[in-house]
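Here the structure is laid out as structure tokens; the discussion comes afterwards.
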Amino acid sequence: MAAEAEAVKAAGPAIDPMKQFTVERLFGEGAIHWYTPTNATLWMGITILAIIALMVLGTRRRAIVPNATQSVAELAYGFVYQMVKDVVGKDGLKYFPYIMTLFTFIVFTNFLGLLPTSFSVTSQIAVTVTLALMVFISVTVIGFYLHGLKFLGLFWVKQAPLALRPVLAVIEVISYFVRPVSHSIRLAGNVMAGHAVIKVFASFAASILIAPFAIIGIIGIFGLDVLVSFIQAYVFTILTCVYLKDALHPSH
């Protein structure tokens, strides 16, 4: 009995909740390089095809009375357009295509990651860091391009007492450079946590006594994960709008 217990312990849990986040080669074996086709590559490609199917093919035959596909596409377009207009202002609408692309990519990858046997691309910190750095670098370049050195006024709090301004400036600079870290970890962490919890509940489904409660838990967490998938895409996008507003209006 002791030997069997040790063997089970060595084998580890029947279901590893973190295994689903492993990037694997699509073909063959060996090391993974930047050019190697992986499951992450596959699902990013599927995401792009799904976006094209909805936003391009789905609206190809536009009508006054829209069908279901056109309605969803128009709803997404109007939602992001109004967000940019409300947060950034009318002068931020020229950057709407970029922000719309970010939103659709994240929301599609989040929802596709909920499909059985799929791979959640946004659970990978490399993906979310890349998205966050693209926003950070773009916003910084826009700020200096439009305002020059006056963009540094973003870090100088004029409303504060003069003695506190240098201290606040240091805090603002640190806060500014932490943006891509929090921007990326928030998205990856929330997506990964939801998927991992579902796997944990699934591991209890093997027991006849616990299975009904495990299934109820899986359904509840899955419903919460659906909400998180949209909310995290929304949070990432609206923070992008807030950062863009700082670049366009650094004195505000």
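The values are calculated or read from the model by the stated rules, or taken from the named source; none is laboratory data. Please read all numbers here as calculations on a predicted model, not as lab measurements. So basically every Cβ, Gly included, is an ideal-geometry build from the backbone, and we count neighbours across all protein chains shown.
Among the helices (runs of 4 or more DSSP H) contained in the stretch 22-123, which hold 2 or more residues that are of a type in the set (Phe, Trp, Tyr)?
Working: elements: 39-52, 68-87, 96-112.
Answer list for the stretch 22-123: 68-87, 96-112.
Mind checking which residues of the stretch 131-165 are of a type in the set (Ser, Thr, Tyr) and free of Cβ contacts under 8 Å to residues at least 40 places away in the same chain?
If we filter the stretch 131-165 for residues that are of a type in the set (Ser, Thr, Tyr), which is where we start, we get 138, 140, 145.
Scanning the stretch 131-165 gives a single hit, Tyr145.
Test Phe136 against the stated conditions and say whether it is under 30 Å from the mean Cα position of the chain (by Cα), surrounded by 14 or more Cβ atoms within 10 Å (Cβ to Cβ) and modelled with pLDDT of 95 or more. Steps first, please.
Values: under 30 Å from the mean Cα position of the chain (by Cα): yes; surrounded by 14 or more Cβ atoms within 10 Å (Cβ to Cβ): yes; modelled with pLDDT of 95 or more: yes.
Here the answer is yes, as Phe136 does meet what is asked.
Quick one: is Phe236 without any contact (Cβ under 8 Å) to a residue 60 or more places away in the chain, under 21 Å from Phe21 (Cβ atoms) and crowded, with 16+ Cβ neighbours inside 10 Å?
Values: without any contact (Cβ under 8 Å) to a residue 60 or more places away in the chain: no; under 21 Å from Phe21 (Cβ atoms): yes; crowded, with 16+ Cβ neighbours inside 10 Å: yes.
In short, no.
Quick one: in the stretch 55-65, of everything that is under 20 Å from Phe103 (Cβ atoms) and surrounded by fewer than 17 Cβ atoms within 10 Å (Cβ to Cβ), which residue is nearest to the chain's Cα centre (by Cα)?
Our first condition is that a residue be under 20 Å from Phe103 (Cβ atoms); within the stretch 55-65, this holds for 55-59.
Keeping just the survivors that are surrounded by fewer than 17 Cβ atoms within 10 Å (Cβ to Cβ) gives 56-57.
Values: Val56: 22, Leu57: 25 Å.
Selected residue: Val56.
Can you tell me which residue in the stretch 169-190 is farthest from Ile125 (Cα to Cα), limited to those that are aliphatic (A, V, I, L, M) and surrounded by fewer than 14 Cβ atoms within 10 Å (Cβ to Cβ)? Break it down into steps so the answer makes sense when it comes.
Of the residues in the stretch 169-190, the ones aliphatic (A, V, I, L, M) are 169-171, 173-174, 178, 181, 185, 187-188.
Applying the additional criterion that residues be surrounded by fewer than 14 Cβ atoms within 10 Å (Cβ to Cβ) yields 170-171, 173-174, 178, 181.
On the way: Val170: 27, Ile171: 26, Val173: 24, Ile174: 21, Val178: 15, Val181: 10 Å.
If we take residues in the stretch 169-190 being aliphatic (A, V, I, L, M) and surrounded by fewer than 14 Cβ atoms within 10 Å (Cβ to Cβ), then Val170 is farthest from Ile125 (Cα to Cα).
Return the pair list, or none, for Cβ contacts closer than 9 Å from residues in the stretch 91-110 that are over 23 Å from Asp246 (Cα atoms) and touching a residue at least 12 places away in the same chain (Cβ under 8 Å) to residues that are crowded, with 20+ Cβ neighbours inside 10 Å and of a type in the set (D, E, K, R), at least 6 apart or on different chains.
Close Cβ pairs (under 9 Å, with a partner that is crowded, with 20+ Cβ neighbours inside 10 Å and of a type in the set (D, E, K, R)) amount to Asn110/Asp225.
Taking the conditions exactly as written (among the charged types (D, E, K, R) and more than 30 Å from Val141 (Cβ to Cβ)), does Asp246 satisfy them or not? Give the derivation first.
Values: among the charged types (D, E, K, R): yes; more than 30 Å from Val141 (Cβ to Cβ): no.
Criteria not met by Asp246.
Looking at this structure, is Leu168 free of Cβ contacts under 8 Å to residues at least 40 places away in the same chain, of a type in the set (A, V, I, L, M, F, W, C), part of a helix (DSSP H, G or I) and more than 14 Å from Asn110 (Cβ to Cβ)? Talk me through it step by step, then tell me what you get.
Values: free of Cβ contacts under 8 Å to residues at least 40 places away in the same chain: yes; of a type in the set (A, V, I, L, M, F, W, C): yes; part of a helix (DSSP H, G or I): yes; more than 14 Å from Asn110 (Cβ to Cβ): yes.
Yes: the conditions hold for Leu168.
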